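Here is the structure we will look at.
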Amino acid sequence: MIRTINGAIEELRKEDPDTPINSHMLRRWIASGELKHSKSGNRFLIDMDVLKEFLRGE
């Protein structure tokens, strides 16, 4: 599943309502190059599988 930053946060909160991950964190990881992403216009797109691997430390 591909999601925008806000969509990715919504998905994470469905699985874990108490997640400390927020949009600021995702933007920081994208800006630093730590989190792989795509862009469509001015929107950052995140593959949820890639995000979950990143969060697991893989």
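A few comments on the model shown:
- Ligands, DNA and RNA aside, residue 14 has an accessible area near 150 Å² when probed at 1.4 Å.
- The candidate values were (i) 30, 21, 20; (ii) 33, 18, 17; (iii) 37, 19, 17; the one computed from these coordinates for Cα extents along the principal axes in Å carries the label (i).
- By accessible area with a 1.4 Å probe, ligands and nucleic acids excluded, highest first: order of 56, 28, 3: 56, 28, 3
- Net charge contributed by nearby residues that have their C-beta within less than 15 Å of residue 27 (K/R +1, D/E -1): +4
- Residue 18 contributes about 130 Å² of solvent-accessible surface, heavy atoms of the protein only, 1.4 Å probe.
- Solvent exposure of residue 34, expressed as accessible area, is near 110 Å², computed with a probe of 1.4 Å over the protein chains only.
The values are calculated or read from the model by the stated rules, or taken from the named source; none is laboratory data. It should be emphasised that the depicted structure is a prediction, and the values quoted were computed from it without experimental measurement. Glycine also receives a Cβ, built like all others from the backbone with ideal geometry; neighbour counts cover every protein chain displayed. All accessible areas refer to the heavy atoms of the entire protein, side chains included, with ligands and DNA or RNA removed. Shrake-Rupley method; radii C 1.70, N 1.55, O 1.52, S 1.80 Å.
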